[in-house]
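Structure record follows, encoded as structure tokens.
The values are calculated or read from the model by the stated rules, or taken from the named source; none is laboratory data. Note that the structure is a prediction, hence the values are computed from the model and not measured. Protein only, heavy atoms only, side chains kept; ligands, DNA and RNA dropped before computing areas. Shrake-Rupley method; radii C 1.70, N 1.55, O 1.52, S 1.80 Å.
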Amino acid sequence: MSDYIATIQQLLEFNRNMTLKLLEEISQLDDPSSALTYQPGPQRAHIAWQMMHIAITEELFATDRLRKTTSNLSAWFPQFQKGSIADQTIPSAGEIREILAKSRENLLETLLTIHESDLDQIPEGLKERGWTNRLALQVICWHEAHHQGQAHLLLNSWKAEH
């Protein structure tokens, strides 16, 4: 494994710990489902959407963007992929934790298929965007931090109202 991939793995682990810490905080609330469904406005992404979007985006990168393989999580794609509109079908904190774990496992498995010599190659699933493996891995690291931050802001807003 290249040093680059090892660094990406460390960043992914740090980011996931922060996401799971936030999810655990929500789980300890008197009414976790109220927090998970909190939206800043009509049809805007709620906390559950933010966290599931992290998982589903990782799954899409693991199974479609960086390599071509089937996904066992594809039933969740329409509800939580980019461009979807948050609805009121809300997974529990436990379900979110489970999907985050499954998609992360798949992403880490995919990382092991990327060698140093592949980092500047554009995988088939990212040709339209022109992203190399290197850039895709940078984006996927940033992506979790971005959406975890949005979920954290939403939780703070929910707390201010409750």
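A few remarks follow.
- Database remark: amide H of residue 38 closer than 5 angstrom to the amide H of 47, 48 (H placed geometrically; neighbours at sequence offset of 5 or more, or on other chains; Pro and chain starts carry no H).
- Carbon and sulfur %, accessible surface of the chain computed with the full protein complex present, 1.4 Å: 51
- When the chain is treated as a GNM with alpha-carbon contacts under 10 Å, the residue of 58, 144, 24 showing the greatest mean-square fluctuation is 24.
- By the helix-only formula, in which each DSSP H run with n ≥ 4 contributes -39500 (n - 2.57) and the sum is divided by residues, the chain has a 222 nm mean residue ellipticity of -19500 deg cm²/dmol.
- Remark: relative contact order (region 1-119) = 34 percent; criterion is Cα-Cα distance under 8 angstrom and separation of 6 or more residues.
- Spherically averaged projected area of the convex hull of Cα atoms, region 65-162: 7.6 nm².
- Taking all protein chains into account, the per residue accessible area for the chain stands at 53 Å² (1.4 Å probe).
- Degrees, to the nearest 10: 3-27 long Cα axis against longest axis of the chain: 10
- Rounded to whole numbers, the Karplus 3J(HN,Hα) couplings from phi for region 139-147 are 4, 5, 5, 5, 4, 5, 4, 4, 6 Hz, using 6.51 cos²θ - 1.76 cosθ + 1.60 with θ = phi - 60°, and x at Gly and Pro.
- Here region 14-112 yields Rg over Rh of 0.98, to two decimals, using C-alpha coordinates and the Kirkwood radius.
- Derived scalar couplings between HN and Hα for region 99-115 equal 5, 4, 5, 5, 5, 5, 4, 5, 5, 5, 4, 5, 4, 5, 8, 9, 9 Hz in order, rounded to whole Hz, by the Karplus curve 6.51 cos²θ - 1.76 cosθ + 1.60 (θ = phi - 60°), x for Gly and Pro.
- Among 132, 63, 89, residue whose mean-square fluctuation peaks in a GNM of the chain (springs only between Cα atoms under 10 Å): 89
- Solvent-accessible area of residue 44, all protein chains in place: 140 Å² (probe radius 1.4 Å, heavy atoms, ligands and nucleic acids excluded).
- Most to least accessible of 102, 21 (protein chains only, probe 1.4 Å): 21, 102
- Phi-derived couplings, Karplus 6.51 cos²θ - 1.76 cosθ + 1.60 at θ = phi - 60°, listed residue by residue for region 75-84: 4, 7, 3, x, 7, 10, 7, 3, x, 6 Hz, with x used for Gly and Pro.
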